[in-house]
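Visitor: Have a look at the structure that comes next, please.
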Amino acid sequence: MSVSRLRTGRLSLQERLVAGSVLLAIVVAAAFVILILSLATLREATRQEAQSRDVTAEALMLQKLVLDVETSLRGYVITGQKSFLEPYDAATKELPDRYSELDRLVADEPAQRRRAILLIAAIRTYISDFVEPVLAFGAGGLAAARSATDIEGTRRIDGIRKRFDNFLEAEDVLVASRAESADEGSKLAIALGVSGLAASAGFILLFALYLARSIARPVREAASGAAQLAGGDLSMRLHEGGPGEVGDLTRAFNEMAERLQVALGDLEEQNAKLRDSDRMKSELVNTVSHELRTPLAGVLGFTSLLLSRDFDGETRRHYLGVVDAQARRLTELIDKFLDVRRIEEGRFARVEEVVDIAPLLKEEAQLYGAQSGNHRLELDVPSEPLPVRGDPDGLRQVIGNLLSNAIKYSPEGGVVELAAELDGDSVRIVVRDQGMGIPAPQQPRIFTKFFRGDVATSGISGTGLGLAVSRDIVESHGGRIGFTSAEGEGSTFWLELPEANGATSDQENDVKERKKGET
């Protein structure tokens, strides 16, 4: 690595350090400026709050002096004793100073200043136009003065009191507003101060962490990552960053680890495919050996009896019938296994022809209806044709699987319903039984190959392949299959196939794509 590149790396780191320091200084300075402004706002709000309280106190004092004047006048008028005028004299001497003080305190509040001017004018008018004339009556006019005090004096005092109430109410609103402003200013100042200090501390910490990550951490991670990679952890990746050679080192390390992991992933995928293949083979062998053992034992046993003993004609025909039934069962099992392999390998060939599904359903109902004396098979098929496009043998296999399951999983007997109808552009076929039903936890896996749930231990024979093969056949015809079931209440399996005139290659392609996604 050249010296110029090393110097560029140092310079880049130095520039980051200077930029971070400048940014930190700006953050701290901004926090302190905002804090100072908030404190100034708080100080002004506190001053205004204190001034409002002074205004209230001054107004209350002025109100007390007016009441002293009114009380002193009333006492003098009632008793005629001049000693009652002492509060009046003291109040009239103090009132001018109170006028001036109140006017000064409300000078910066125009609305309150107007109220104060009107209030002071009302007090002055009350004293000059009423109190002083009453006192001028002297001792000889006390009776008339008492009457004037009771009527006119009360009216004037009530008016002054009302002005005082309005003034004090307005000032209370200002006090509350300024108190709220002071409280908000205090909270804001505290919040900004704490936020500024927290931001400064956080930025210092982040800057220190950033410096550590720029140099020390990448080197330490590279050493640790190399050790983990050597220990077999191929998912280890380094953070691609750092100045100069540190960044080059992390990128080269990650590229090497990526290539090793891809190679290992390919090997694991191949191993997984081999394991799945072995597992499927084991399952197939186990299933085949289990399912073929019973009919094969029947064939061998009855064949041995027929070869070793002489039986009458009726018994011989009965035994040959058993051998034939078991041989047919062997053929059906082998056909199912072969169908599964063909479908999985993409070799399942479907005959394309228009099939009227109604006669096919009648044939299957007649065939399976005669298999059990405990079951009654009810057929509900419309008289008009139900045309679909597909393979009649494959469709017959699907209907046969559904009817066979309905009879098999209704060991107590009952009614098995087979119905079909034209539903829009589709032909809908329904097979309903009154049997065991399917437990809810097992329903999501009912179309899985080799899955039989709890019935595997109930003595009911089966391979777990019928429904899986049926679904593949139905979907290869561009249709869909499903069911509803409740444990102990029977099951209803349904399938829908496109009507012959409505079937399109696009529908079939959609089904194939969906199958690939599920796989």
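Visitor: How much accessible surface area, in Å² rounded to 10, belongs to the heavy atoms of TYR319 with a 1.4 Å probe?
Guide: Accessible area of TYR319: about 50 Å².
Visitor: Okay, next question. Give me the accessible area of VAL27, 1.4 Å probe, in Å² rounded to the nearest 10.
Guide: Near enough 40 Å² of accessible area.
Visitor: Grab the other residues whose beta carbon is less than 15 angstrom from that of GLU101, score K and R as +1, D and E as -1, and report the net.
Guide: Values: positive: ARG53, LYS64, LYS93, ARG98, ARG104, ARG113; negative: ASP54, GLU58, GLU94, ASP97, ASP103, ASP108, GLU109, GLU171.
Within the 15 Å Cβ shell, the charges total -2.
Visitor: Packing-wise, with mean Cβ within 10 Å as the measure, how do 412-423, 260-271 rank, highest first? Please report the intermediate quantities before stating the final value.
Guide: On the way: 412-423: 16.2, 260-271: 11.3.
Packing order, densest peptide first, comes out as 412-423, 260-271.
Visitor: Right, something else. If the chain between ASN501 and ALA170 were fully stretched, how many nm would it gain, using 0.36 nm times the residue separation less the Cα-Cα distance?
Guide: Details: separation 331, 0.36 × 331 = 119.16 nm, distance 8.79 nm.
Net length gain for the segment: 110.4 nm.
Visitor: Tally Lys and Arg at +1 and Asp and Glu at -1 over the other residues with C-beta under 11 Å from the C-beta of ALA179: what net charge comes out? Intermediate values should be presented prior to the final figure.
Guide: Numbers: positive: ARG53, ARG178; negative: GLU49, ASP172, GLU180, ASP183, GLU184.
Every neighbour counted, the sum reads -3.
Visitor: Another question about this same structure. DSSP loop trypsin sites (Lys or Arg not before Pro) in segment 420-449 with at most 10 other Cβ atoms within 10 Å of their Cβ, which ones? Write down the numbers at each step before the final one.
Guide: Numbers: sites: ARG428, ARG432, ARG445, LYS449; in loops: LYS449.
For trypsin sites (Lys or Arg not before Pro) across segment 420-449 that sit outside H, G, I, E and B with at most 10 neighbouring Cβ atoms in 10 Å, the list is empty.
Visitor: If Lys and Arg each add +1 and Asp and Glu each add -1, what is the summed charge of the other residues whose beta carbon sits under 13 Å from the beta carbon of ARG432? Intermediate results must be reported in sequence, preceding the final value.
Guide: Numbers: positive: ARG376, ARG428; negative: GLU378, ASP380, GLU417, ASP433, GLU489.
Here the charged neighbours net out to -3.
Visitor: Measure out, as a whole number of angstrom, how far apart the alpha-carbon centroids of segment 50-80 and segment 405-440 sit.
Guide: Result: 102 Å between the Cα centres.
Visitor: Now a separate question. My understanding is that a pair violates if its Cα-Cα distance is over 22 Å; which of LYS408/LYS449; LYS362/LYS408; LYS93/LYS162 do that in this structure? List each step's numbers first, then the result.
Guide: Working: LYS408/LYS449 18 Å; LYS362/LYS408 20 Å; LYS93/LYS162 24 Å.
Going by Cα-Cα distance, LYS93/LYS162 fall outside the 22 Å limit.
Visitor: What is the set of long-range amide H partners of LEU465 at a cut-off below 5 Å, with H atoms built 1.01 Å from backbone N?
Guide: The answer is PHE450.
The values are calculated or read from the model by the stated rules, or taken from the named source; none is laboratory data. Just so it is clear, the model here is predicted, and its values are computed rather than measured. Using ideal geometry, Cβ is built from the backbone for each residue, glycine included, and neighbour counts are taken over all protein chains shown. Note: accessible area is taken over every heavy atom of the protein model, side chains too, but ligands, DNA and RNA are not part of it. Shrake-Rupley method; radii C 1.70, N 1.55, O 1.52, S 1.80 Å.
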